[in-house]
1. For the range 177-193, does any single residue satisfy the condition of being of a type in the set (Val, Ile, Thr), at pLDDT below 75 and surrounded by fewer than 15 Cβ atoms within 10 Å (Cβ to Cβ)?
2. Give 157, 128 a once-over and let me know the one that is surrounded by fewer than 16 Cβ atoms within 10 Å (Cβ to Cβ) and over 24 Å from residue 203 (Cβ atoms).
3. Answer with yes or no whether residue 241 is modelled with pLDDT of 75 or more, touching a strand residue (DSSP E or B) at 6+ places or on another chain (Cβ under 6 Å), in the same structural domain as residue 168 (by TED's automatic domain parsing) and not in a strand (DSSP E or B).
4. Of the residues in the range 72-104, how many are of a type in the set (Lys, Arg), at pLDDT 90 or above and either over 16 Å from residue 117 (Cα atoms) or outside any helix (DSSP H, G or I) (or both)?
5. Looking only at the range 76-90, how many residues end up being loosely packed, with under 11 Cβ neighbours inside 10 Å and touching a Phe, Trp or Tyr at 6+ places or on another chain (Cβ under 6 Å)?
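The values are calculated or read from the model by the stated rules, or taken from the named source; none is laboratory data. Since we're looking at a predicted model, the values are computed, not measured. When we count neighbours, we look across all protein chains shown, and the Cβ atoms used for this are built from the backbone with ideal geometry, even at glycine.
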Amino acid sequence: MICVPYAPGPGEILVIISGADPKLLFTMLDLPNEMLSSTLKHLTLKDLLSISATCRRLEGITEPLRYSAVKIGSDTAADSFLQEVKIAPQRAQWVKSFTVTIDRKRYAPCLIRILPTFTNLQVLDLVQTSATPEVVGSLGALEFANLRTLRATVKKQTLVVVSGFLRTHPHLTEIVLKMCYEGALLDGLDPSTELLIERINLPKLKAFGGLGTFVCSLVCPDKTVNAVNLYIPYGRDAARTVGWLGAIASIESLSLTLSMDDSDGIPWKALGQLLPGLVELSLEGVSTSWKCSSFVKAS
């Protein structure tokens, strides 16, 4: 082992190779920016902030990484992020994953203005914004070329907007739509309405969680869906909705939530037609009057 009396400077890590020429020794900063970025992207936000404080070069390399996944979970975080983007607008282009877990109406206008600047966005999570449907409603005018995952809370007044958004993003691989109760859940909405006249083509979809209404409208030509979490509100034709599943994909895993008081309304016949292709099936009732049952097909 070669021992070299050397004290690494700020941001430097001394690499010592047994039996190597001392002249070949190098520090982390001898690596090109691309390699450093590829390595540092695995660090936590806390670690990125620490290493960025060691020198200007590492600060410049880590800054895009610090903004790649943004989660707004408090008023302080929201105010801080909006201010940082205002100071340096290019930071919005570094955001690849954007999650909002606070529900404040006062932030809705700011979020609506800033969403179009996320040109490299891949994951958009607006599930917790149920009190601000205008944020979800603004999606109708947006298009993200790299978006792969959408999670959103849907209200009756935003269903058409979300439907249109899905049609303009055929490259989505994961969709999670959470319903928001407003008295009678999605009262007056029927799968045969104009919302579903135009089928939604999602050839790359692999996982769907959400409304039975949207399942009726999805088309997956290459049948890549491997997991479906479907919620059927009380009064909806469950057998008809479940019947659509076999048409859109070769389902392997199905989780079905039924808003019914007992198990008499479970569309067993429709489910039976899907069982040959199912690896796992779980049924759950919203009411506690009947227990969750599960089925796992033997391999």
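1. yes
2. Of 157, 128, the one residue that is surrounded by fewer than 16 Cβ atoms within 10 Å (Cβ to Cβ) and over 24 Å from residue 203 (Cβ atoms) is 157.
3. So residue 241 fits the description; yes.
4. 1
5. 0
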